[in-house]
Amino acid sequence: MFNYSLTYTDLYQLSMAQVYFLKGKADEKAVFDYYFRKIPYQGGYAIFAGLQDFLKQLEQLSFSEEDLDYLNTQDFEDSFLQYLRNFRFKGNIRACREGEVVFATSPILQVEASLIEAQLIETILLNLLNFQTLIATKASRIRLIAKDKTLLDFGLRRAQGPGGYYASKAAIIGGFNGTSNVIVGRDFKIPISGTMAHSFIQSYDSELEAFQDFALKRPKNCVLLVDTYDTLNSGVPNAIKVAKEMEERGSKLLAIRLDSGDLAYFAKESRKQLDAAGLSYVKIAASNQLDEYVIKSLQEQNAPIDIYGVGTNLVIGKPDGALDGVYKLAYAAGKPRIKISESLAKTTIPHAKQVFRTYDTNGQFNGADVIALENEEKPKQIHHPSEPFKKMNVENFEQEPLLHLVMENGQNLTTNSSLEEIANFSKRRLALLPLEYKRFDNPHIYKVGISDALKQERDQLINAHKS
């Protein structure tokens with residue numbers, strides 16, 4: 001895990017914090033909501049990821065002497081810098097569990113802290129949670145299309161700098177089986193996987209000799225890359241020879257890898273050759289600019305591919321590139337706060353809140369989440385946040401609160417679940433989401449509404465600010 005300091009922020013956070021400090025508002029309590037406005041990839045859901053990393057960073061965030069020396073050159077007051085010298089986050093955080101299935105406009109995480117504390121952590125919160133949620137969601141979409149095929153993250157070399165670290169982790173939460181990323185395998189105890197590069201084969205005068213040396217020195221989970229010269233006339237036949245030699249030594253070739261050309265055609269022809277040689281156990285892996293659309297096409301063509309290595313398009317979150325997560329003030333100085341927009345959809349929702357998920361009689365998600373006041377127990381009705389005449393009765397549905405206390409007085413309360421445990425939790429939750437919300441194209445829209453009491457509070461604030 002990378003370690004950050006509190007200068008990993010935007011300048012305006014510090015500028016606002018100094019004003020709060022100089023005006024005597026340093027200890028004024030505030031509540032901020034984290035949520036996103038739009039589900040990425042035109043999908044029907046998102047997978048919340050990054051919480052554990054965020055909480056770990058929050059526990060140790062501080063300003064170093066180097067930080068303070070630098071800020072001293074940026075026109076900050078000496079008294080404010082002295083305040084920052086001993087700064088630590090001492091607030092409370094409530095959040096959905098990492099791996100939870102989440103939806104647009106619904107608070108995923110809520111910060112309750114002093115104005116300065118809440119403001120200074122905004123950038124790192126958005127940086128860690130937006131990115132990992134985006135990638136976990138991308139990975140989940142790929143998993144749904146790939147069904148039970150093995151999915152491996154191959155994206156580190158194409159990732160944006162250190163983002164590759166968190167992308168590999170988020171991919172596992174979203175349903176991938178392993179990664180080529182060695183440091184993530186080390187840190188999170190997840191399977192790592194890798195084959196060979198074309199350069200390895202090119203460095204030999206003979207493709208066969210390259211395969212033989214690799215299989216001899218790396219016999220366990222051996223995968224041979226067969227498309228350096230001629231996939232069907234050279235690569236696969238040489239892999240078959242090596243597989244037979246491995247059998248004589250008491251080991252087995254795990255797979256061949258296709259990395260170019262018509263993957264469906266080459267996979268079918270390779271399968272024929274392998275089966276004819278009595279090597280039906282040898283798997284076929286495919287890579288090369290894969291994403292959910294390419295994999296969907298390969299699946300529809302019945303390509304006999306067992307393992308998909310997905311790289312660039314996964315770890316950069318293509319085509320969306322970013323989750324539009326936002327961090328908005330909801331309560332400060334003992335009063336609910338609101339930002340009013342010409343569009344009601346962009347008008348924020350005031351107050352500290354709880355979010356309830358409703359269930360149908362079969363125990364599945366009922367297609368509606370309720371944003372309610374913090375102390376509401378079981379809302380009876382929800383209203384569409386931006387279309388006032390749309391409402392729904394939820395009184396008779398089972399309701400589950402989603403926001404749980406995960407940090408209290410700056411102390412992390414989570415159990416630090418393993419990455420495998422988070423991924424399994426996410427898998428279980430996604431299984432409760434009805435199929436219409438998981439459709440690849442034009443998924444059904446999951447309802448997120450506000451309770452009667454919260455709507456009344458919001459409308460009153462809107463009217464007060466407009467009068």
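Here the convex hull built on the C-alpha positions of the range 1-56 has a volume of 152 cubic angstrom per residue.
Both the radius of gyration and Dmax for the range 323-467 are 17.1, 53 Å, in that order, over alpha-carbon atoms.
A viscosity of 0.692 mPa s and a temperature of 37 °C, combined with the Kirkwood radius over Cα pairs in Stokes-Einstein, give a translational diffusion coefficient for the range 315-409 of 208 µm²/s.
Taking trypsin sites (Lys or Arg not before Pro) across the range 143-228, the ones in a DSSP loop with at most 14 further Cβ atoms lying within 10 angstrom of their Cβ are Lys147, Lys189, Lys220. Free of any chymotrypsin sites (Phe, Trp or Tyr not before Pro) that DSSP assigns to a loop and that have at most 10 other C-beta atoms within 10 Å, the longest stretch within the chain is 3-388.
DSSP bridge analysis restricted to the chain gives an antiparallel fraction near 65%, rounded to the nearest 5.
Within the same chain, lysines fewer than 8 places from Lys268 are excluded, and of the rest, those with a Cα less than 28 Å from its Cα are Lys138, Lys147, Lys149, Lys220, Lys241, Lys244, Lys252, Lys283, Lys296. In units of the rule-of-thumb radius 2.2 N^0.38 Å, the range 330-379 shows an alpha carbon radius of gyration of 1.45.
Electrostatic tally near Leu413: other residues with Cβ closer than 15 Å to its Cβ, Lys and Arg +1, Asp and Glu -1, net 0. Once you keep just the Cα pairs under 8 angstrom separated by 6 or more residues, what percentage relative contact order results for the range 342-402? 36 percent. A simple spin-label model places pseudo-atoms 7 Å from Cα toward Cβ; at Leu208 and Gln42 they are separated by 5.0 nm. Provide, for q = 0.13, 0.20 Å⁻¹, the log10 of I(q)/I(0) from a solvent-free Debye sum over equal Cα point scatterers in the range 1-158. The calculated log intensity ratios at q = 0.13, 0.20 Å⁻¹ are -0.69, -1.25. Solvent-free Debye calculation, one equal scatterer per alpha-carbon of the chain: log10 I(q)/I(0) at 0.08, 0.10, 0.11 Å⁻¹ equals -0.57, -0.81, -0.92.
First measure r as the distance between the Cβ atoms of Asp441 and Glu65, then evaluate 1/(1 + (r/R0)^6) with R0 = 51 Å and state the FRET efficiency to the nearest 0.05. Efficiency for this residue pair is about 0.40.
A short reminder: the numbers here are calculations on the coordinates, not readings from a lab. Model, not experiment: these values are computed from the prediction. Glycine gets a Cβ as well: all are built from the backbone with ideal geometry, and neighbour counts include every protein chain shown.
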